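Structure record follows, encoded as structure tokens.
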Amino acid sequence: MVITVLFWILGVFALVSGALVFRLDSMARVTFALLASFLFVAGEVLLLGLSYLGVVIVLMMTMEMVIMAVFMVMYMMNPAGLMPMAMLHNTRGAAAIAGGLFVALTTGIFLVDWPQRAGRPPAEPTRALGEALMGPQMLTMMTLGLALFATIVATVVLSTHRGRYERFGDDLCADRPDDPIPGGVGR
Amino acid sequence: MSLELFLVLGAGLLAIGLFGALTQQSVVMLMMGLELMLNGVIVAAAAFWHFLAPATADGQVLIVVVITAMAVEMAMGFAVVTAIFRARDVDMTDMAADLKE
Amino acid sequence: MTEVPLWSVLVLPAVLAVITAGTIAFDAVLAARATGATGSPSQTAMVPLREVARLLVAQRRTTVAADGVLWRTGVLTVPIAALLAAVVLPLGGVAVADLAVGVVWFNAMEILTWAAVWMAGWGPNSAFSLTGGYRFVAQGLAYELPHMFALITAATAAGTLRVGGIVEAQSGLWFVTWMPVAFVVYLLSAAAMAFWGPFDAPVGGDLAGGAAAELSGVDRLAFLGGRRLLLVVAAAMAVPLFLGGGNGPLLPPWLWTLVKTVAVLAAIVWLARRFPTVRMERFAEFAWVVLIPLTILQALIVALVVL
Amino acid sequence: MGVTGALLRFAAGRPHILLLEVPGGTAERFAVEAELRHRCWPAAASPAEADILVLTGHIGAWLMPLVGRVWRQMPKPRVFVHVDSPSDVPQLLDEGRRRLATGGEASEVLDGEEQNSGESEEEHHDDEHGSDADRCGGNHDDENDENTDGGGHGNGHGAESEQSGGDDHGAEDGHDGGHDHGGGHDHGDGMEMPGGLGMADRGPDRDGLQLDQLHVPLGPLLPDWPVGLVVHTTLQGDVVQQARVDVLHEDGADGDFWNEPWRRAAAGQEVSRGERARRCVAAYLDGLARLLRVAGWLDPAVGAGRLRDEVLAGARADQVTTRLRRLVRQLRRARTLRWLTDGLGVLPFDRAEAAGIRGPALNASRSGGDVTARWQAWLAEIERTLPEVDDPAVLPAREGQAQGLSEEDPASMPALAVLPELLEGAELAAVRLIVASLHPNITTLDSRQVTGVAGD
């Protein structure tokens, strides 16, 4: 009973704050509306008995959205939403597509004859997850992790305009890097 | 509380995210739409795990992959936006399209 | 682990409030010692109460074009996050909620303050305040990874994410003895997450109070009180993670936990006054170039020992 | 009311003091600082934190509105105390506490000012951006007006700052046009924003991105900031892209505290060498105390302030030497402080010489020229001068004239000339440290000597 009530509250809030992401003017509020949506979904995940993943969603998404807020304020027009403005295109078509998708999915959800529940949740779902990730698929996961990490590093490198030649001189011989703001170690 | 309800919630988040991703002009807002769509995927994956196959960890693994994908997507997205912004001083998809030239 | 008695829900905030007041009073004693003034003990004990009274009667300010929603949300989130993080703290074997993923829970709640401080800095629409908020984000990015590795080290050694389980794993040897790097890094990050000195740049005097520059009245009470609460919770968490929780001779476990918590807190508060404010432009590089490799190495050694 | 009254009385036992010094208030500031130390009353960093606003120095017609703004940013209950003479301090503070305990002031001179400038007493206008826009709207080239604008925010609160990080990329058009110095206002020329706020311009940042700029003035009513200095900064994030220095100079201010012995000697009075040495040691200790407070290291800052007061009060050398040497040793050994101030605000030797900088700051530019070198040069100077404080020999009158201010603080005037170039590219925290390390002693300056001087 309590769980059902919680499901409805969290679900409605998740949808509302998700919709607010595209309704609010202030970019700061937009970012934190998205964060709120993630936090409510994390609540739903916790309801489903996945404590580790629920908490990790809270952790990851808070960090991610705070960093996102920085970029939103840096790059976006009208970060504080003081100047009402619309930056949309193709609203009608998008609404039709998104609405259509939702109707189709919902119809599908209620028409499909879902199979019966197979098995019971393990006593420690977190351990089961760890064993799944680091058990038989360990090499796959490690390769995937490294590949994703390399992707992040590569894109970040591509987007900076200062490389080691700017920092250490053309012959890379400078003792200390020439940075606009020197760091604390001198590398 | 049933599988169908969770899936409808996931579908709702997915649809809102899709709407945002399609309408927003700004690259950063487009990323927000994508994140919201992935948010829906998380709900669906958790529901599938709980209601259909709790004995295996496949649903959980999917969520982990989705969270990682979000982090990577964000890092790449911001890097790309920074590069575009530096090069052309725009942050809008419409304007970025001109870059094709 | 013992069943959770209902009284612990009420006792936890009370105990935390008393320790927090003690922290403020202790800090006031240290400040008075530096000035050479001889404040009477009763006056010093009054300091936290006077501060609370002062902020309760003061008017709440607002500023032009402030983002009230985010501002108040940020301000309130600080104490709430601190309290939520505290629910996994075991007091002599009893925690309000000894979650199976206690360590991750603690970490996640503490990260909520990133958002909270940024919002509190953004809200009032003031340059100094916003700079304070950004400083905390930079600080978070610097301290968080070494901090996570320190947590992971303790969890790896115990083979569980449950805080109670980590305490049980230390019934013999305290973790601090064979993972000193992780312990020191944890103490650093405890001060950093509560933006306590020397990591107090986000509310630094050079920014006229930074993220707290525009706060007055009840808002200031919630924000700065929450910050001190966070410091207490972070220091208290060092006890089950590295100092053996309630393990110790003679005294009952709950008393041991309290004694150790107070000792860790006193050390942090005392050390904070021994150093000038550390700026993130310097510390971030140190954290990433020195602390992260060190903590990874520590985690690796611990993992090898456990295997 | 009973409960509130009791709470007010209880809370007034430890009020937070916002101590601001304007030209002519140095001796009074020391008296207040000593009294605060004695009573263990904490200093407030911002008006929002303060219960009592203590102002030392001469407030003229020009400063009054700025003080009024700080006053209106303070939450009620609030009390304003103006200190005229060092001996009144304990009595004035007691009086201030008593008024605070009974609910503070509803209004006084400062609130009256409020009505004159047409600002409502509404909480929502505490920062008065709206009225700024009205007042400064049309006349951008009016120095005086602009400075008024700057100073008011200069205490760093509310500030024009608005929506830092930035307003709007869309606003680039129609901006930037009419300003002759790349700074000035952010009040848009045509576009009105809600709350009367202007929008940010944009400019390239150090990473080659076009980002928003804000114009934030620092000073003159900012704690731990050189008296009377106003630095108009153009900020991107917390990085200063441009800085312009102004000096607050108001008619009627008394002669400066620091060069008093020289002035008296020049006027033919008998002044001992020891008295001169005391002023020197005290000046460097005061500079150290300010630098340490800005650096967030309060305990040694308090120690330096105590020693400064004792030296000025006439303590014999042997009474303070031990503690002074201990402080100097503690700072010399402070590796963290060195780590934090190394490489900030580097002033190369030839530049320092060309600008006419002398004394410790010039010596410092021989050994690195950064903030660290400058505070270490102060330490050396303190150690060198300390033995002279008991020298009873009479200072010759012509030395007073010849050396005047220069002996006591040679860096002050040329320091203003080099300040903008040192500040550009620095972050706010570094800006505060650089300014504190240059210790510009502005009140002694003749207003004609500085370019871009504003005021009357």
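Assorted remarks:
- Screening residue C:302 against (1) within 23 Å of residue C:146 (Cα to Cα); (2) within 14 Å of another protein chain (Cβ to nearest Cβ); (3) in contact with a helix residue (DSSP H, G or I) (Cβ under 7 Å, 6 or more places away or on another chain) leaves a single unmet condition, (2).
- Verdict on residue C:29 being part of a helix (DSSP H, G or I), more than 8 Å from chain D (Cβ to nearest Cβ), among the β-branched types (Val, Ile, Thr) and without any contact (Cβ under 8 Å) to a residue 60 or more places away in the chain: yes
- Residues in the stretch B:56-85 that are more than 7 Å from chain A (Cβ to nearest Cβ) and in contact (Cβ under 8 Å) with a residue 40 or more places away in the chain: B:73, B:77, B:84.
- Single residue of D:332, D:308, D:326 found to be touching a residue at least 12 places away in the same chain (Cβ under 8 Å), out of contact with any Lys or Arg (no Cβ under 6 Å at 6 or more places or on another chain) and surrounded by fewer than 16 Cβ atoms within 10 Å (Cβ to Cβ): D:332
Rundown of residues vs (1) more than 12 Å from residue A:102 (Cα to Cα); (2) modelled with pLDDT under 90; (3) within 7 Å of another protein chain (Cβ to nearest Cβ), yes/no style:
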{"residue": "B:12", "(1), (2), (3)": "no, no, yes"}
{"residue": "B:18", "(1), (2), (3)": "no, no, yes"}
{"residue": "B:21", "(1), (2), (3)": "yes, yes, no"}
{"residue": "B:26", "(1), (2), (3)": "yes, yes, yes"}
{"residue": "B:31", "(1), (2), (3)": "yes, yes, no"}
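- Qualifying residue in the stretch D:34-45 (condition: out of contact with any helix residue (DSSP H, G or I) (no Cβ under 7 Å at 6 or more places or on another chain), within 14 Å of chain C (Cβ to nearest Cβ), on the phi > 0 side of the Ramachandran plot and not acidic (Asp, Glu)): no
- Test: residue in the stretch C:153-172 that is under 17 Å from the mean Cα position of the chain (by Cα), in contact (Cβ under 8 Å) with a residue 60 or more places away in the chain and within 30 Å of residue C:100 (Cα to Cα): yes
- Residue match in the stretch D:13-33 (condition: closer than 25 Å to residue D:282 by Cα, in a helix (DSSP H, G or I) and within 12 Å of another protein chain (Cβ to nearest Cβ)): yes
- Just one of the listed residues (C:269, C:218) is assigned to a helix (DSSP H, G or I), modelled with pLDDT of 85 or more, within 14 Å of chain D (Cβ to nearest Cβ) and more than 24 Å from residue C:29 (Cβ to Cβ), namely C:218.
- Any chance residue D:310 is outside any loop (DSSP other than H, G, I, E, B) and either hydrophobic (A, V, I, L, M, F, W, C) or modelled with pLDDT under 85 (or both): no
- Any hit, the stretch C:196-206, residues being assigned to a helix (DSSP H, G or I), among the aliphatic types (A, V, I, L, M) and touching a residue at least 60 places away in the same chain (Cβ under 8 Å): yes
- As for the stretch C:3-17, it holds at least one residue that is under 29 Å from residue C:108 (Cα atoms), in contact (Cβ under 8 Å) with a residue 40 or more places away in the chain, of a type outside the set (Phe, Trp, Tyr) and not in a helix (DSSP H, G or I).
- From the options C:64, C:96, C:103, residue that is within 20 Å of the chain's Cα centre (by Cα) and not in a helix (DSSP H, G or I): C:96
- Yes/no for residue C:287 being on the phi > 0 side of the Ramachandran plot, buried (at least 24 other Cβ atoms within 10 Å of the Cβ) and either touching a residue at least 12 places away in the same chain (Cβ under 8 Å) or not basic (Lys, Arg) (or both): no
- Candidate set from the stretch A:123-168 (those that are more than 7 Å from chain B (Cβ to nearest Cβ) and not in a helix (DSSP H, G or I)); member that is nearest to residue B:77 (Cα to Cα): A:160
- The one condition in (1) without any contact (Cβ under 8 Å) to a residue 60 or more places away in the chain; (2) crowded, with 22+ Cβ neighbours inside 10 Å; (3) part of a helix (DSSP H, G or I); (4) within 11 Å of chain C (Cβ to nearest Cβ) that residue D:282 fails to fulfil: (4)
- Checked against (1) outside any helix (DSSP H, G or I); (2) farther than 27 Å from residue B:9 by Cα; (3) touching a Phe, Trp or Tyr at 6+ places or on another chain (Cβ under 9 Å), residue A:117 meets all criteria but (2).
- When residues in the stretch C:90-120 are screened for being more than 24 Å from residue C:146 (Cα to Cα), of a type in the set (Gly, Ala, Ser) and surrounded by fewer than 24 Cβ atoms within 10 Å (Cβ to Cβ), 3 of them pass.
- Any chance residue D:92 is in a helix (DSSP H, G or I), within 17 Å of residue D:29 (Cα to Cα) and outside the structural domain of residue D:228 (by TED's automatic domain parsing): yes
- Qualifying residue in the stretch C:179-192 (condition: in contact with a helix residue (DSSP H, G or I) (Cβ under 8 Å, 6 or more places away or on another chain), part of a helix (DSSP H, G or I) and closer than 22 Å to residue A:54 by Cα): no
- For the stretch D:373-388, the criterion of being assigned to a loop (DSSP other than H, G, I, E, B) and closer than 17 Å to residue D:436 by Cα is met by no residue.
- First in the stretch A:51-67 and at the interface with chain C (Cβ under 9 Å from one of its Cβ atoms), second anywhere and outside any helix (DSSP H, G or I), Cβ under 7 Å, 6 or more apart: A:51/C:99; A:51/C:100; A:51/C:101; A:52/C:101; A:55/C:101
Per-residue answers, yes or no, for (1) of a type in the set (Val, Ile, Thr); (2) surrounded by 17 or more Cβ atoms within 10 Å (Cβ to Cβ); (3) at pLDDT 80 or above; (4) in contact with a strand residue (DSSP E or B) (Cβ under 6 Å, 6 or more places away or on another chain):
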residue: D:361; (1), (2), (3), (4): no, yes, no, no
residue: D:374; (1), (2), (3), (4): no, yes, yes, no
residue: D:386; (1), (2), (3), (4): no, yes, yes, no
residue: D:405; (1), (2), (3), (4): no, yes, no, no
residue: D:411; (1), (2), (3), (4): no, yes, no, no
residue: D:418; (1), (2), (3), (4): yes, yes, yes, no
residue: D:435; (1), (2), (3), (4): yes, yes, yes, no
residue: D:443; (1), (2), (3), (4): yes, yes, no, no
residue: D:455; (1), (2), (3), (4): no, yes, no, no
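- Residue D:317 crowded, with 17+ Cβ neighbours inside 10 Å, more than 23 Å from the chain's Cα centre (by Cα) and touching a residue at least 24 places away in the same chain (Cβ under 8 Å): yes
The values are calculated or read from the model by the stated rules, or taken from the named source; none is laboratory data. It should be emphasised that the depicted structure is a prediction, and the values quoted were computed from it without experimental measurement. Note that we place each Cβ from the backbone using ideal geometry, even for glycine, and neighbour counts take in every protein chain shown.
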